[in-house]
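Just so you know, all these numbers are worked out from the coordinates, no wet-lab data involved. For clarity, every value in this text was computed on a predicted model and none was experimentally measured. Cβ: placed from backbone, ideal geometry, glycine included. Neighbour counts: every protein chain shown.
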Amino acid sequence: MPQIKPSQQITSQAANTRLVSSVKEARDRLGQKQGAERFEYELLLMFARNELTASLSIPLFAVILALSTTIWAPITQIITWLGMIFITKGIILILCRRFTALPRKDLNVALWRRRLTIAEIFYGLAWAGIAFIASQTTDQAAHIFIFASFIAVISIRMMFASTVMPLVISGTVPMTLALVTHFLLLQTPFYWAMAAMAIGIHAYLIFLMSGLNSTVHAMLEYRAEKDVLIGKLEEAKAFSDDARKRAEEANLAKSRFLATMSHELRTPLNAILGFSEVMKSEVFGPHSNPTYREYAEDIHTSGDHLLNLINEILDLSRIEAERYELHEQSIKLIDIADDCQHLISMRARNKGIEIQLIEEHELNPLWVDERAIRQVCLNLLSNAVKFTPQNGKITMKIGQTDDGGQYLCVEDTGPGIPEDEIEKVLKPFGQGSLAHETAEGGTGLGLAICQKLISIHDGHFSLKSELRQGTTVRFEIPKKRVIAGMAPLSNPFIENWDEEPQPLDPNSKEFEDLTSQIQNIIKTRQVKREYYANRDNKEYDAPVLKLKTATPQKGG
């Protein structure tokens, strides 16, 4: 595992700290206000960008309108009005450009909204001037043209300023008032109707813009919620990265500690166990005080318990780090179970416990790690003896699974495990609530190690228990680790070696039987080679049997 340098650790922690602080700042900024004021800056920014994007559309429209009104209006008045349009429009564009250029933290939103509102009022008044220039003509078509032009300009201005309703009203009300006044001064019912129509159109457009403004507000709220969620995810990711780095550092420290403990603790413990064994056995003569012998026995028992604990921790660490190497060989499960029963039998007899070993039928050998399977069997039997009360019974069953694999099952008549604690006892250092009352001392590592050892054999480990009904622990070895059986090789064709051997007929039954036995030998070797090839992800070419007709010779 690569080591983490202190400089890299400080840099990553500083980066994560900056990220978390920026995320919190953004989230607080988005949530500090409610309602319309919450997004005031965003709404003004949208208005300013709309104005800068379409900066030439309204002036070009004003030029077209000015050219059209020269038919009935004096040219000097048209030029003066067009100049006012350009000046007020230029002021608005300058304000919008400055507003978008300034950073958010340096802006006074209320002040800028007031500035833009005033500029919009003057812009609306400039547009209103065309209504009074055209009032001097008596041509009805000219008045209708002015009406249509004003409605178009008012609609465009409302669309641009729809994100900020005060700007919508301040920019368009002067135009509508000028148009209504223009028609009222003509003192004709037709133009009065057009004035009323202008008011109605303006009111309707205001209603539409209010709905559009509400839609923009909803969009900004959704975007703010999305930003908050993204911020929370980034914050969680930052904490996750920190936790992962701390876990890597802790794992590195654990590996170093275990490597040190393996040597520093095992060496003195072996010495303690050896000398205490000599002292309790009184190899160099009896003790002057018998109490010393009892002390030596206690020292040896405690040291042996501590050494077993260290070995279990180291085994579990190697398995979790995927550094546990299997040394497979051909073994029979019944032989392992019988040895383990013999080792545990003395402890069982001291408690009056009967251990029964049942094999369903003759089973083929397994291709497994003998030490690992033996450790699993010993752990399961040891746990069963621990938890089984006086005069209880333990049953070991060995048999074949439905898919062709093999299983070993250990049943006891102990107090059982509550259903809600089964998952707990299968975890490292996990012990049930009844363990402290009914059993001998333990570390809680046995079942976890058994489960992992069976897992690296591609097997299945299960535990079933019922309160006050006992516990059943079972592990299964898959079919691919079972070595297929083969009939013993014999030569029924030569019963007496003193006789002269006879040649075999290729079409005879004896020749076919001999060929079948040789093929069985090759198949057995092929199974082993295919297993190693599949485990190492290598291709394997099966051997081709080439058998020639020959005469068996005397002596083989």
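Of the peptides 101-109, 299-307, 471-479, the ranking by mean beta-carbon count within 10 Å, highest at the top, reads 471-479, 299-307, 101-109. Considering only DSSP states other than H, G, I, E and B, which trypsin sites (Lys or Arg not before Pro) in the range 269-328 qualify as loop sites with at most 16 other Cβ atoms within 10 Å? Passing both the DSSP loop test and the Cβ count: R323.
Placing +1 on the Cβ of every Lys and Arg and -1 on the Cβ of every Asp and Glu, with no other charges, gives the range 123-265 a dipole of roughly 80 debye about its Cα centre. Placing a label point 7 Å from the Cα of I199 along the Cα-to-Cβ direction, no residue of the range 138-173 has its backbone N under 13 Å from that point. Pairs from the list K105/K226; K237/K424; K332/K452; K351/K397; K254/K479; K280/K386 with a Cα-Cα gap above 32 Å: K254/K479. Going from the fewest other Cβ atoms within 10 Å to the most, the residues I92, I422 appear in the order I422, I92. For V368, the amide hydrogen comes within under 5 Å of the amide hydrogens of Q329, I331, counting only partners 5 or more places away or on other chains and with H modelled in the peptide plane.
The 3J(HN,Hα) values that the Karplus relation (6.51, -1.76, 1.60; θ = phi - 60°) gives for the range 203-209 are, in residue order, 5, 5, 5, 4, 4, 4, 5 Hz. Gly and Pro appear as x. As a rough guide to protection, the peptides 62-69, 123-130 ranked by mean Cβ packing within 10 Å, highest first, stand as 123-130, 62-69. Rounded to the nearest 20 debye, the dipole magnitude of the range 212-354 is 200 debye, with +1 charges on Lys and Arg beta carbons, -1 on Asp and Glu beta carbons, and the Cα centre as origin. With 0.36 nm allotted per residue and the present C-alpha distance subtracted, the F275-Q519 stretch has 82.1 nm of extension available. At an R0 of 41 angstrom, the distance between the Cβ atoms of L252 and L111 translates into a FRET efficiency of 0.10.
A simple packing score, the average count of other Cβ atoms within 10 Å per residue, orders the peptides 409-419, 169-179, 324-334 as 169-179, 409-419, 324-334, with the highest score first.
Here the extension length gained between T138 and L307 equals 49.3 nm, from 0.36 nm per residue of separation less the Cα-Cα distance.
Between R266 and I358, the FRET efficiency estimated from the beta carbon spacing at R0 = 30 angstrom works out to 0.20. Applying 1/(1 + (r/R0)^6) with r as the Cβ-Cβ distance of T188 and S68 and R0 = 25 angstrom yields a FRET efficiency of 0.65.
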